[in-house]
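All remarks here apply to the structure that follows.
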Amino acid sequence: MEKMLEVANEFFGLPMEEKMKLYSNDPSKTTRLSTSSNIQKEKIHNWRDYLRLHCYPLDKYTKEWPINPPSFNDLTCCVKVAVFWYSGLTMEEMDPLHLGVEIVSKYCSEIRQLGLRLQEAISESLGLDKDYINKSLGEQGQHMAINYYPPCPEPELTYGLPAHTDPNTLTILLQDMQVTGLQLLKDGKWLAVKPFPNAFVVNIGDQLQALSNSKYKSTWHRAVVNAHKARISIASFLCPSNTALIKAPKELIEDESQAIYRDYTYAEYYNKFWSRNLDQGHCLELFKNI
Ligand code: OGA
Ligand code: NI
């Protein structure tokens with residue numbers, strides 16, 4: 001967890017020109033740096049940059065990853081060989097690109113295992129088979145947002161991220177230990193979620209709300225910014241496969257009432273989510289049965 005935060009810090013510490021090579025506002029890109037939340041759709045922008053990476057299957061995406069402090073790669077080949085020869089380091093130890101990818105890959109696969117186990121426990125808590133959720137979501141995707149909230153001279157005028165729920169199934173968030181910023185809505189009040197050593201914040205996303213017929217509610221949360229310090233957070237999103245049909249099982253639908261949400265595929269939901277901006281209201285509302 002600590003190393004993952006270091007890699008994130010290192011990335012955002014790169015020179016602007018280096019980072020800009022990855023800049024894109026196109027949500028369909030599988031590796032991109034962007035700013036705010038959905039810059040093409042929103043009228044009011046937020047005080048946040050983020051690196052979004054697809055993380056599953058790992059070997060499909062790691063080659064796109066930019067975890068690439070340019071200093072080493074800018075050296076000429078002769079200098080690299082000389083460094084290699086005299087330093088006594090192995091090629092892997094010497095190559096920060098390789099190391100960064102290794103740390104992030106390891107982090108992603110551990111997070112995935114944790115997420116799948118949590119989904120098993122959630123299935124059981126709903127009286128369903130342990131495997132129910134994981135089976136019904138198909139080959140689940142995994143994305144990561146490495147969020148960077150720069151210091152903001154007038155933090156009360158903006159958000160890092162405005163109030164939203166996550167559009168996926170489950171989010172596992174690693175927070176910077178030094179700077180607070182995450183808040184969540186409980187009984188109509190915004191509460192600060194202080195970082196806790198060696199802990200993750202787990203947020204229920206919209207798909208678990210739909211799939212559980214609203215027995216689980218997706219968490220409303222937002223990020224505020226700090227006047228003096230930059231903050232980093234790392235959100236890992238487990239997502240249904242694009243073709244997975246999201247529907248509540250009949251065990252969770254009471255006799256008379258119908259399912260709260262209509263059946264839909266995750267691809268349909270995801271496209272709808274990215275076609276809107278965060279302050280246009282809850283995307284899940286659009287999928288309610290009338
Ligand atoms: C997110 C998110 C909160 C935070 O990336 O979806 O809610 O604390 N992040 O950065
Ligand atoms: Ni979120």
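One quarter of the convex hull surface built on the alpha carbon atoms of the chain amounts to 17.1 nm², the projected area averaged over directions.
Given a 1.4 angstrom probe, I'd like the percentage of the accessible area of the chain that is carbon and sulfur, rounded to a whole number. If you can, show how the numbers build up before the last one.
On the way: 8400 of 15190 Å².
Carbon and sulfur: 55 percent of the exposed surface of the chain.
Compared with the alpha-carbon gap, the fully stretched path from residue 2 to residue 220 is longer by 75.8 nm at 0.36 nm per residue. Heavy atoms of the protein chains alone define the surface here; on that basis the range 139-190 has 41 Å² accessible area per residue at 1.4 Å probe size.
Distance between the 7 Å Cα→Cβ label points at residue 24 and residue 125: 3.6 nm. Multiplying the residue separation of residue 196 and residue 286 by 0.36 nm and subtracting their alpha-carbon distance yields 28.9 nm.
To the nearest 0.05, what FRET efficiency results for residue 59 and residue 242 with a Förster distance of 25 Å applied to their C-beta separation? It comes to 0.85.
Loop sites only, by DSSP: take the GluC sites (Glu not before Pro) in the chain that have at most 12 other C-beta atoms within 10 Å and name the longest stretch containing none of them. Display every interim value, and only then the final one.
Values: sites that count: 139, 254, 256.
Counting only loop sites that pass the neighbour cut-off, the longest clear stretch is 1-138.
The values are calculated or read from the model by the stated rules, or taken from the named source; none is laboratory data. Keep in mind the model is a prediction, meaning the values are calculated, not measured. As a convention, Cβ positions derive from the backbone with ideal geometry for all residues, glycine included, and neighbour counts pool all protein chains shown. We work out accessible area using only protein heavy atoms, side chains counted, and drop any ligands, DNA or RNA first. Shrake-Rupley method; radii C 1.70, N 1.55, O 1.52, S 1.80 Å.
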